[in-house]
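Report on the following structure.
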Amino acid sequence: MSEIEKLKSQYLDKLDKCSSTDDLNKIKSELFGKNGLITNQFKFIATKNENEKKNFAIKLNDIKIILQEKLNLVNKKIEIEEINKKLSNEKIDVTLPERSFKQGKIHPISQVIDEISSIFSEIGFSVAEGPDVENEYNNFTALNTPQNHPARDMHDTFYLSEDKNLLLRTHTSPVQIRTMLKGKPPFKIIAPGRTYRCDSDQTHTPMFHQLEGLHIDKDINMGHLKGCLNYFIKEFFEVKKLKMRFRPSHFPFTEPSAEVDIGYDLKDGKIVIGEGNKWLEILGCGMVHPNVLINSKVDPSKYQGFAFGIGIDRLAMLKYGIKDLRSFFESNYKWLNHYGFDPVDVPTNYRGLSR
Ligand code: PHE
């Protein structure tokens, strides 16, 4: 057998036994590398005499092709083997028990803001917003609150600058001013949001939530205010009858002003709205003071209307039986798990305003 025939059978044999990419690459360079056995045989062609030259070249070429084909074949075989090995290692055991999965809950305040917004949106109110950091003008002056008013006191207000121009808004009423300065009447908006006052006990927290309401048009009167609030409270608490009283009050930005109480009873430690003879204050309201309209570039000889401010946290406490206001903001996981809402299981009066 000629030398190249021997080479052929020796390497076909090696390739048959080869089972890894590394070994295959080694064989490849042994045969076809720069100094490879087959490569070198090609260099011998020139040394052969005329008779042998042609036959040798043909034979060598045939052997080269055979070995290359074998190499490709073994390469494919190894590739498939490696894929199969990987697949069997990554096999998924579908019978394994699932890992425990904790789904988040919606905070009662977020839930209540959604419920309130959806009730008011049904009677034509749209949602407006304002920043938590306000200026003194929008929070007090434009709202007809004089320089010496107690609400401006350092004990109540968190001032953010020495000149007392920047502060954390003490109520959502500045959104009234922002809304009116930005647009043209009529206005019919609600503005839910965070508010801040220097206070902390079972029913007060330094940060709390209010919902502002504002309805300005040519002939809006206190009857509309009463009807609107009565409708809202009944819808919110899902009750057919409601005891509600308007107590004369005072706010610099409304005239006349009133505070609204709703009647409730305690049954087995639970608050029942619409029954009993206990009263709970839930909001302040009134007819927007002409000075506020003037400061907001609205002509009070043509336009008038009402405004109200509701404590959202208090509504949430009443509706969902939460006793301490401070617990809302303690980020206690167990508390949230108990009082929070399942995102896919919202209460019946939720009407689908997007979260
Ligand atoms: N801003 C008032 C408060 O925080 C509530 C209110 C709003 C009263 C609008 C009247 C009109 O107490």
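Take the alpha carbon atoms of the range 261-302, find their center, do the same for the range 185-242, and report the distance between the two centers in whole angstrom. Each part reduced to its Cα centre gives a spacing of 7 Å. Relative to the longest principal axis of the Cα atoms of the chain, the long axis of helix 21-32 makes an angle of roughly 40 degrees.
Share of pairwise Cα-Cα distances greater than 23 Å in the range 175-297 is 41 percent (whole percent). Return one number: the angle in degrees, 0 to 90 and rounded to the nearest 10, between the long axis of the Cα atoms of helix 108-122 and the longest principal axis of the Cα atoms of the chain. The answer is roughly 70 degrees. Restricting the GluC sites (Glu not before Pro) of the range 94-151 to loop positions (DSSP other than H, G, I, E, B) with no more than 10 neighbouring Cβ atoms within 10 Å leaves E98.
Viscosity 0.890 mPa s, temperature 25 °C: Stokes-Einstein D of the range 172-230 from its Kirkwood Cα radius, in µm² per second? The estimated diffusion coefficient comes to 185 µm²/s.
Its Cα gyration tensor gives the range 3-89 an equivalent ellipsoid. The semi-axes, each the square root of 5 times an eigenvalue, are 32, 11, 9 Å from largest down.
Cross-link reach is defined here as a Cα-Cα straight distance under 17 Å, omitting same-chain residues fewer than 8 places apart; for K226 the lysines meeting it are K188, K234, K240, K241, K243.
Relative to the current alpha-carbon distance between N89 and R194, full extension at 0.36 nm per residue lengthens the span by 32.4 nm.
Peptides 155-166, 221-232 ordered by packing proxy, namely the average of other Cβ atoms within 10 Å per residue, highest first: 221-232, 155-166. Taken along the Cα-to-beta-carbon direction at a fixed 7 Å, the label points for K297 and F329 span 3.4 nm. Helix 50-89 axis versus longest C-alpha principal axis of the chain: approximately 30°, rounded to the nearest ten.
With an 8 Å Cα cut-off and a minimum separation of 6 or more residues, compute the relative contact order for the chain in percent.
Over the chain, the number comes to 16 percent.
If each Cα of the chain is one equal point scatterer, what is log10 of I(q)/I(0) from the Debye formula at q = 0.10 Å⁻¹? So the normalised log intensities work out to -0.70. For the pair V344 and K218 in one chain, pulling the backbone fully straight at 0.36 nm per residue adds 41.1 nm over the alpha carbon distance. Only DSSP H runs of four or more residues enter the estimate; each adds -39500 (n - 2.57), and after division by the residues of the chain the mean residue ellipticity at 222 nm equals -12500 deg cm²/dmol.
Each reported figure results from applying straightforward, stated rules to the coordinates on display, with no laboratory input. No experiment lies behind these values; they were computed from the predicted model shown. In this analysis, Cβ positions are derived from the backbone assuming ideal geometry, glycine residues included, and neighbour counts consider all displayed protein chains.
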